[in-house]
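Data first, discussion second: the structure below is written as structure tokens.
Just so you know, all these numbers are worked out from the coordinates, no wet-lab data involved. Only a predicted model underlies this, so the values are computations on that prediction, with no experimental measurement involved. Reconstructed Cβ throughout: ideal geometry from the backbone, glycine too, with neighbour counts over all protein chains shown.
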Amino acid sequence: MIAKPISRRGLMLVLSSPSGAGKTTISRRLLDIDPNITMSVSVTTRPMRPGEKPGVDYYFVDMPEFDRMAESGDLLEHARVFGNCYGTPRSTVEQALGAGRDVLFDIDWQGTQQLAANARADLVSVFVLPPSGAELERRLHTRAQDSAEVIAQRMAKASDEISHWAEYDYVIVNNDVDESVAAVQAILRAERLRRTRQVGLPAFVQSIQAAL
Ligand SMILES: Nc1ncnc2c1ncn2[C@@H]1O[C@H](COP(=O)(O)OP(=O)(O)OP(=O)(O)O)[C@@H](O)[C@H]1O
Ligand SMILES: Nc1nc2c(ncn2[C@@H]2O[C@H](COP(=O)(O)O)[C@@H](O)[C@H]2O)c(=O)[nH]1
């Protein structure tokens, strides 16, 4: 007889990195191959980039709306990054976790610290490093979505961002996208098997013992 899957708590998988290291690229690939993951779509006051879709890449809001959400507790975490405000809507995350789904976050170190302070047991954090500073700058230019001024501003902040690498559970160097995606999948696989996340284990073990 094949046993029913053991129920488990969903986890919060956070990817952080300096801008341009590849979080979005890795996230999209993970979402394509793993149906158990829900992406947390953030709200932001930053202008929409060419090709971005509202409600898919971000919920684009103005500053008064962002302040209203932050003040009414609608955001699980929020931070100012590169002069704009970003935050994670609470409701999607809570619904997904409640349904035993994993939630993927593309957020910075400030947001990760807030999640760690409020929900450490559910958090799995991964810091994505670029192979080098020169390659990081090349990627920001190749993406061709930000002005030279915005790229210069993000490069100027890269060292500060990277200084938070040691606060994360895992660190990967995004040299090759396939390898990075495989590394994050391996992390996910192990973290899903943690005893404390498998909330259906006591009942399952009891059912085995009862039949012995
Ligand atoms: N391993 C890789 N090798 C080469 N290019 C890559 C790699 N990973 C991502 N890229 C490219 O680098 C650019 C930046 O990637 P991406 O937008 O995923 O970065 P990000 O970390 O999400 O940035 P941001 O924080 O600004 O949102 C994109 O053009 C992407 O195609
Ligand atoms: N603390 C949070 N950081 C966020 C959130 N959404 C995105 N981000 C981070 O902002 C920068 C810039 O993103 P970009 O899309 O403008 O390039 C990047 O480091 C993201 O990880 C959020 O909800 N909270």
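About the Cα centre of the chain, how large is the charge dipole given +1 on each Lys and Arg Cβ and -1 on each Asp and Glu Cβ? Please answer in debye to the nearest 20.
Values: 24 positive and 27 negative charges, 157 e Å.
Here the chain has a charge dipole of around 760 debye.
When the expected Rg is taken as 2.2 N^0.38 Å, what fraction or multiple of it is the alpha-carbon Rg of the chain? Walk me through the numbers before you get to the answer.
Working: Rg = 18.7 Å, N = 212, 2.2 N^0.38 = 16.8 Å.
The chain yields a ratio of 1.11.
Against the longest alpha carbon principal axis of the chain, how many degrees, from 0 to 90 and to the nearest 10, is the axis of helix 23-33 turned?
The helix 23-33 is inclined about 40 degrees to the chain.
Just grab the label-to-label distance for Arg195 and Val56, each label 7 Å out from Cα along the Cβ direction, in nm (one decimal).
Calculated label separation equals 4.4 nm.
Among Leu75, Leu15, which comes first, second and so on when ranked by fewest other beta-carbon atoms within 10 Å?
Going from sparsest to densest Cβ surroundings: Leu75, Leu15.
Would you mind getting me the FRET efficiency between Gln113 and Ile208? Use the beta-carbon distance for r and R0 = 45 Å, nearest 0.05. Walk me through the numbers before you get to the answer.
Numbers: r = 41 Å, r/R0 = 0.91.
Computed FRET efficiency for Gln113 and Ile208 comes out at 0.65.
Give me the extension gain from Asn175 to Ala152: residue separation times 0.36 nm, minus the current Cα-Cα distance, reported in nm with one decimal.
6.1 nm is the gain from fully extending Asn175 to Ala152.
Give, in nm to one decimal, the length gained when the segment between Glu94 and Glu167 is fully stretched (0.36 nm per residue of separation minus the Cα-Cα distance).
Separation in residues times 0.36 nm, less the Cα-Cα distance, equals 23.9 nm.
Choose one answer from Val199, Val126, Val61: the residue with the largest mean-square fluctuation in a GNM of the chain with alpha-carbon springs under 10 Å.
Checking each option, the largest mean-square fluctuation is seen for Val199.
Taking region 38-117 on its own, what percent of its Cα-Cα pair distances exceed 22 Å? Working shown, then result.
On the way: 614 of 3160 pairs.
More than 22 Å apart: 19 percent of the Cα pairs in region 38-117.
Full extension from Arg138 to Ala121: what is 0.36 nm times the residue separation minus their Cα-Cα distance, to one decimal in nm?
Going from the current span to full extension adds 2.4 nm.
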